[in-house]
Amino acid sequence: MPKLSRIAGQMRHRGPDGQGTYIDAQAGLAHTRLSIIDLDGGRQPLSNEDETVWTVFNGEIYNFAELRERLEARGHRFRTQTDTEVIVHLYEEEGDDCVKQLRGMFALAIWDSRRQRLLLARDRLGKKPLVYTVQDGVLAFASELNALMAVPGVIRELNPSAVDQYLSLGYIAHPQTIYRDVFKLPPACFAVFENGRLQLERYWSFGDEGPLAAASEAEVCEQVRAELREATRLRLVSDVPLGAFLSGGVDSSIIVALMQQLSPRPVKTFSIRFAESEYDESDHARLVAKHLGTEHHEFLVEENSFEALPSLVWHFGEPFADASALPTWFVSKLTRQAVTVALTGDGGDEVFCGYDRYKVLRRLAQFDVLPTRARQLAGSAAVRRLLPGEHSSRLARRTHTFLKLLALSPRERLSRIAAVIFSEASKDNLYDAEFAWSARDQEPLSFMESASEQIAQTDFIAHATLVDQLTYLPGDILTKVDIASMAHGLECRSPFLDQNVVALAARIPLSLKLRGNCGKYILKRAFADMIPQEILKRRKQGFVVPIARWFRGELKEHLREVLLDPSTLRRGYFQVSAVQQLIDEHVTGLQDHSRRLWALLCFELWHRQIFDTSCREAVAA
């Protein structure tokens, strides 16, 4: 089936080491392989002994050896040493519940030819992507949107409400995509397609085990250290070279320290640096590398690195406005030159309460004893007009933001903090009236309320960390890392997002994760003897890109050329005067609109490279 091979070719970057297909009268499966385990024998699609059950699978199953031993004891015969083969035999034993036994990161499909049914599943935290559409009773699915949109007959219709959500968040949250009838399978869910119908079911939730039993701080430290060490050990299983991203922050430093402890030779570590000192963490990364004795490599990200943006936009397949995707792209490219697998510190902030916003939410909660009317008055525009202007200084901006949040309920604060690009009020000024009517037919942050309803945790700050794990983590962080790394055929593994580590952290009292002004308190205590004190005590910096300065420097003309191009303006999404004002205010230094301009730029580049092109191809066909 040539078309199936051509569609799979859209994802050759994810699997440069081989390609395979399976076709019968009712189903077709295709796979591109990145060889990690059993380099010769792990080709996909892969079947059981009598070829009645077939699977395609992206990711790694870290407990496959344990599962294989159990399955062999039950009489199953294995032809390969790969983790993939465990999936088909486990399905034979457990049916759809097989996904509950898998410890790892995965997006998978299992075709049961006897029952004429397809099972789709995604890992608990959403580390691996899976998109799908059902049109005219036919299901199509893929790991990336570009491959799915290459399937003949798939409708390419813009989803205006997804555009609205994107301009609030900088990403499009599951289950939506930029296309109206195309969806992301949510994390921790499986879906069964049978008789032309698709049914989704969630197979895992936070808090299943209840709170941690009373234990001393030292005992909790030991549990954290043991679970994270085991999670790291499992992720070192590989038949190809592996290394690690090292930013110089607490999380990546802990993972590298554990890797070095478990490895007989120096770990290969990789980081990026910026010429602008306020954005650069490379000194800290070097400090950790020297302390641990790693083999360290660096890459300098400069303004001309911006030239990679069109390629980055293409790989995401839909608008994505987290600017840190650019350095992630480059560190992945550098890393892939030396290794095929890289461990990361992703998830540490969400799992162990590391973001500054959790501290802000806790301070705000202290004022919730006041009457609602008093809080609303304190946060009113009339009171804020008595203060220095919102954009006069960093302190003034933070004060205004704090007062605005103070006037809201705790649940409303979560949504407001999440909307880091355009506020609802600023979108009123941005949208063309006709586009606004179609884009704002649903609340862009309603998915956060749905996530909140899945969580039993009553402490609001702890609740907020779990909401982030259900929304921001898979929608932004994990999407960014997966797409930017797999574009170069690099597999990233995240020990902090091991299901056992996540479950343990969810049970730890908030007081041990956020102590005073110290986020990730218990994590830092647990590894205080392994990484330099300077790293443990430094203020969190984050993976920030100097786009504000770039847009006032050499890139300002490029920004105008793209966003004020007549073809851009004719689309009818945005008011010309609003876009012009954003550019002028930013370039002159009156305000920092860099995040907004980056979001608009990425949206327009996506429109040109993918949406316009696909629409022309559909018309030609």
Relative contact order computed over segment 495-621 (Cα-Cα under 8 Å; 6+ residues apart), in percent: 16
Prolate/oblate/rounded label for segment 404-451 (Cα gyration tensor, a/c 1.5): oblate
Relative packing of peptides 240-248, 165-173 - highest average C-beta neighbours within 10 Å first: 165-173, 240-248
Spin-label model distance (nm) - Asp592 vs Val237, 7 Å beyond Cα toward Cβ: 4.5
Sequence-separation-based contact order of the chain, relative, with Cα cut under 8 Å and 6+ spacing, percent: 17
Restricting segment 90-164 to GluC sites (Glu not before Pro) in coil, as DSSP defines it, with at most 14 other Cβ within 10 Å: Glu157
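Among DSSP beta bridges lying fully in the chain, give the percent that are antiparallel, nearest 5. Before the final figure, lay out the partial values.
Details: 44 of 61 bridges.
Restricted to the chain, the bridges split so that about 70 percent are antiparallel.
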Solvent accessible area, Å² - Leu300, 1.4 Å probe, full protein context: 50
Sum of -39500 (n - 2.57) over DSSP H runs of 4+, divided by residues of the chain (222 nm, nearest 500): -12000 deg cm²/dmol
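Volume per residue, Å³, of the convex hull around the alpha-carbon atoms of segment 1-118? Display every interim value, and only then the final one.
Details: hull volume 11.7 nm³, N = 118.
In segment 1-118, the Cα hull volume divided by residue count equals 99 Å³.
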For segment 412-521, the fraction of alpha-carbon pairs in successive 5 Å shells from zero, as %: 2, 9, 15, 17, 17, 15, 11, 8, 4, 1, 0
From phi via Karplus (6.51, -1.76, 1.60), per-residue ³J(HN,Hα) for segment 71-84 in Hz, x at Gly/Pro: 5, 5, 5, 8, x, 6, 9, 10, 9, 10, 9, 7, 6, 4
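Expressed as a rounded percentage, what relative contact order does segment 282-383 have, with Cα pairs under 8 Å and six or more residues apart? Kindly include the intermediate steps, with their values, before the conclusion.
Numbers: 23 pairs, mean separation 15.0, N = 102.
Relative contact order, segment 282-383: 15 percent.
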Of the GluC sites (Glu not before Pro) in segment 546-585, those whose Cβ has at most 16 other Cβ within 10 Å and which sit in DSSP loop: Glu554
FRET E, pair Lys537, Ser567, Förster distance 41 Å, beta-carbon r, rounded to 0.05: 0.20
Pairwise label distance in nanometres, Ile155 with Asp38, each label 7 Å out on the Cα-Cβ vector: 4.1
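Determine the shape class of segment 109-173: with a ≥ b ≥ c the square roots of the Cα gyration tensor eigenvalues, call it rounded for a/c under 1.5, and otherwise prolate if a/b is greater than b/c, oblate otherwise.
Details: a/c = 2.70, a/b = 1.49, b/c = 1.81.
The shape class here is oblate.
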In segment 366-472, trypsin sites (Lys or Arg not before Pro) in a DSSP loop with at most 13 other beta-carbon atoms within 10 Å: Arg385
Karplus-derived 3J(HN,Hα), 6.51/-1.76/1.60, for each residue of segment 494-510, Hz, glycine and proline x: 10, x, 4, 9, 4, 4, 6, 5, 4, 5, 5, 4, 5, 8, 6, x, 4
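Once you have the Cα-Cα distance between Asp283 and Leu386, take 0.36 nm times their residue separation minus that, and quote the gain in nm to one decimal. Walk me through the numbers on the way to the answer.
On the way: separation 103, 0.36 × 103 = 37.08 nm, distance 4.18 nm.
Extending this stretch completely gives an extra 32.9 nm.
Which percent, to the nearest 5, of DSSP beta bridges fully inside segment 149-275 are antiparallel? It would help to have the intermediate numbers written out before the result.
Numbers: 8 of 11 bridges.
In segment 149-275, approximately 75 percent of DSSP beta bridges are antiparallel ones.
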Amide proton proximity set for Ala188, modelled H, under 5 Å, gap of 5+: Arg122, Asp123, Arg124, Leu125, Gly126
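How big is segment 124-236 by the Kirkwood estimate over distinct Cα pairs, in Å? Numbers along the way, then the final one.
Working: mean 1/r = 0.0579 Å⁻¹.
Evaluated over segment 124-236, this radius sits at 17.3 Å.
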Given Lys333/Lys520; Lys100/Lys520; Lys127/Lys333; Lys3/Lys480, the pairs whose alpha carbons are separated by over 26 Å: Lys333/Lys520; Lys100/Lys520; Lys3/Lys480
Phi-based couplings in Hz for segment 523-536 (Karplus 6.51, -1.76, 1.60; Gly and Pro marked x): 5, 5, 5, 5, 10, 4, 8, 10, 10, x, 4, 4, 6, 5
Amide proton proximity set for Gln19, modelled H, under 5 Å, gap of 5+: Arg33
Residues with amide H under 5 Å from that of Ile272, placed H, sequence gap 5 or more: Phe299
Spatially proximal lysines relative to Lys524 (Cα-Cα < 21 Å; intrachain offsets below 8 disregarded): Lys290, Lys359, Lys513, Lys537, Lys540
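The values are calculated or read from the model by the stated rules, or taken from the named source; none is laboratory data. Remember, it's a predicted structure, so these values are computed and weren't measured experimentally. Quick reminder, even Gly has a Cβ in these numbers, built from the backbone with ideal geometry, and neighbours come from all protein chains shown. Quick note on the areas: whole protein, heavy atoms, side chains included, nothing else; ligands and nucleic acids left out. Shrake-Rupley method; radii C 1.70, N 1.55, O 1.52, S 1.80 Å.
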